[in-house]
């Protein structure tokens, strides 16, 4: 993942939300999430986000199935 | 991006959260989540977080500085269903009470085994607990196989957004038209 990448939150209360990666600090990342007209900075564990690129392998099986579902939903 | 970390919304898996926050929620378990949000951020994101309270337990505590700590327990969603479905197995008394409640409730599901030969199909739930799901299947599934089940949850968020339970686990019982899985991982996803 690189700064500026779109990332998908795969765990936690914002699961399924897309945000922009702003900073990586060890095991934590900060992402910018759009809430209406506002942007909110969210600090979260690095393994609770995944890059929105097809090459990225997710950490768990459930993440893979969730991402596939989200992608298929958004394709329709 | 806010330089001051107090202006960020901070999210942790419960077991990784600061101890002083964990102590506020003695019912918290390792896989639950905790969120800390300053007052200004909580006004923006609070409603969407509290909306999960229709699906699984969510609690919030306002701290002396005006910030808010929220706790959520997605794994306890099955226990929250007790008011909608028929409880078919009463939870035992004691520490494991929350983990054992089993509720009869019929919701559409899709399933797919994760090992070869892969089997996929649709059906509906028969009953659900925090540790397992019993469901109808289109064929005899291989007992012992890893399986993923997506279940349309009977309760949506406050604004009508439907949610779906995604569960990964192991088939512990298989009959020609029904199967039961033990859950290893779960998560809820908004389906719109």
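Just a few scattered comments:
- Ordered by the number of other Cβ atoms lying within 10 Å of each residue's own Cβ, fewest first, B:191, B:130 fall into the sequence B:191, B:130.
- Ranking of A:47, B:32, B:159, B:127 by count of other Cβ atoms within 10 Å, fewest first: B:159, A:47, B:127, B:32
- The range B:123-192-the range B:27-88 distance, computed between alpha-carbon centres (Å): 22 Å
- FRET efficiency, residue A:20 to residue B:120 (Cβ-Cβ, R0 41 Å, nearest 0.05): 0.75
- FRET efficiency, 1/(1 + (r/R0)^6) with R0 35 Å, evaluated for residue B:146 and residue B:63 via beta carbons: 0.25
- Helix B:39-50 axis, angle to chain B major axis (alpha carbon atoms, nearest 10°): 20 degrees
- Residues B:39, B:65 in ascending order of nearby Cβ atoms (within 10 Å, fewest first): B:65, B:39.
- Computed over chain B, the Cα gyration tensor eigenvalues convert (square root of 5λ each) into semi-axes of 34, 17, 15 Å, ordered from largest to smallest.
Just so you know, all these numbers are worked out from the coordinates, no wet-lab data involved. Please read all numbers here as calculations on a predicted model, not as lab measurements. Quick reminder, even Gly has a Cβ in these numbers, built from the backbone with ideal geometry, and neighbours come from all protein chains shown.
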